[in-house]
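Okay, so here's the structure we're looking at.
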Amino acid sequence: MSLSLIARSIKESATLKLNEKAALMKAKGDPVIHLGGGEPKSRAPIDALVSAAALINSGEVRYTPADGIPALKKAIIRYTDEWYNRLVEPENVIASSGAKQSIMVALQALVNPQEEVIYPSPYWVSYPEMIKLVGGIPVPVVSESGSFYPRLKDIEQVVTSYTKVIIINSPNNPTGAMYPEEFIAEIIDFCEKRGLYLIMDDIYHRLVFDAKKWVPCYRYAKDLTENSRLVVVNGISKAYAMTGFRIGWAVANKKIIEAMTNIQSHQTSGPSVIVQQAAVGAINGIQSGVESLRMTLENNRNVLVSLLKTFDGVHIQEPDGTFYTFPDFSAYEKSSVKLSNLLFEKVQVLVVPGIEFGMEGHIRISTCGTIKDITDGIERIKWVLDPNSPNELYIGERKLYRDWA
Ligand SMILES: Cc1ncc(COP(=O)(O)O)c(C=O)c1O
């Protein structure tokens, strides 16, 4: 077997693998609690379902333009106007099979082999692998302060003549941190001055808590012409609970979009027309589902944070949004892989090891599930880790014994 160098350098997606593991165990009837997931459990909006069903019923399901059907581009333009206060043209928009594909195609359009792509750590698991897939060099930046909020001076220190792109994801997976407005202003100014491309991964921008306001990047961009080096990425997966539909998009200058479209046209062609139609329904339809998801997540976050505060030595930076919390459990176990394995083995609770996101000692706990998932899951975790726990724990009918220190 002689696999390519790139194939050998790519890891599997830790989060997708965990989803599969949870699904298999649930199917076997195991009492697993999946606190590692990255998808809301609510139903897709009815407008999305009706819109897709109408197309299926017509029996006319064909290829689409590689950059998306006009109706979807129109919906994305309206969305960009509403949320970003910026009116763009259809040639500034590409729809892809998920925000993941938009980011991937943007990197393919922008990055040459050996060029560097910078992104703050902790980071979404796919960034380093995507950068490697295009032959680029991933450059994660850890904030010296240990905080989840990056500082421009930390980023400045790793910029070299090979730096081509910076990726910013705020609100952030895995920390839930929404970066301060001043930082967004600074990084945009910095990229404009240094001629760097800036990919804004805004996939969680509507899932923000405590009445905090997410700020669109264009507010601080001085160059809003066709020379702009901003690539804004968004999608329907998270806010509309439509992860399985696979629609995301990018908004950028026409040259970048044209290059991305050419690449995508040979890669997958346009996304499935059925799901493009569903996305039109979701974006143009009734939006109350997004707000009710946001409120549920905020409540879930409050419950999770208050439960985590009952642990001795667990350090929490409270998330501003998303459906993730990224507590520091290093007081109990420094290796996040060992800790995650222990929790899985002893009490069948699935969490994602922080090392997958570039930060050891932490675990990513998701609040996508029910309050019961969260309370039962944390109770089980506490039972494993707290030496003062009772000797026994019931999981359904099963009685577990604590036979470790
Ligand atoms: C930060 C971030 N960007 C992009 C994506 C991909 O979203 P999509 O489902 O639209 O491909 C995810 C999904 O987990 C994510 O967490």
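Bear in mind that the values in this text are calculations on the coordinates, not laboratory data. Note that this is a predicted model, so its numbers are computed, not measured. When we count neighbours, we look across all protein chains shown, and the Cβ atoms used for this are built from the backbone with ideal geometry, even at glycine.
Below are the figures for this structure:
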| quantity | calculated |
| --- | --- |
| Which of Ser237, Ser292 has the fewest Cβ neighbours within 10 Å, and the rest in rising order | Ser292, Ser237 |
| Thr175, Thr15 arranged by Cβ crowding within 10 Å, fewest neighbours leading | Thr15, Thr175 |
| Kirkwood Rh in Å, taken over all unlike Cα pairs in region 217-265 | 12.4 |
| The chain: radius of gyration and largest Cα-Cα distance (Dmax), Å | 21.6, 66 |
| Longest DSSP-loop-exposure-free segment, GluC sites (Glu not before Pro), the chain, at most 12 other Cβ within 10 Å | 145-396 |
| ³J(HN,Hα), Karplus 6.51/-1.76/1.60, whole Hz, each residue of region 333-339, x for Gly, Pro | 7, 6, 8, 5, 5, 4, 5 |
| DSSP beta bridges in region 46-284 [antiparallel fraction, %, rounded to 5] | 30 |
| At 1.306 mPa s and 10 °C, Stokes diffusion of region 46-284 via Kirkwood alpha-carbon radius, µm² per second | 88 |
| Calculated P(r) tail over 22 Å for region 34-154, as whole % of Cα pairs | 59 |
| Pairwise FRET efficiency - Val303 versus Asp386, Cβ, R0 = 30 Å, nearest 0.05 | 0.95 |
| 14 Å beta-carbon shell around Glu379, net charge (K/R +1, D/E -1) | +1 |
| Hz values of 3J(HN,Hα) by residue in region 153-169 - Karplus curve (6.51, -1.76, 1.60), Gly and Pro given as x | 5, 5, 5, 3, 5, 9, 6, 10, 5, 8, 5, 10, 9, 10, 10, 10, 10 |
| Subset of Lys164/Lys193; Lys164/Lys334; Lys17/Lys346; Lys100/Lys132 violating a 24 Å alpha-carbon distance limit | Lys164/Lys334 |
| Region 172-267 shape via C-alpha gyration tensor axes, a/c threshold 1.5 | oblate |
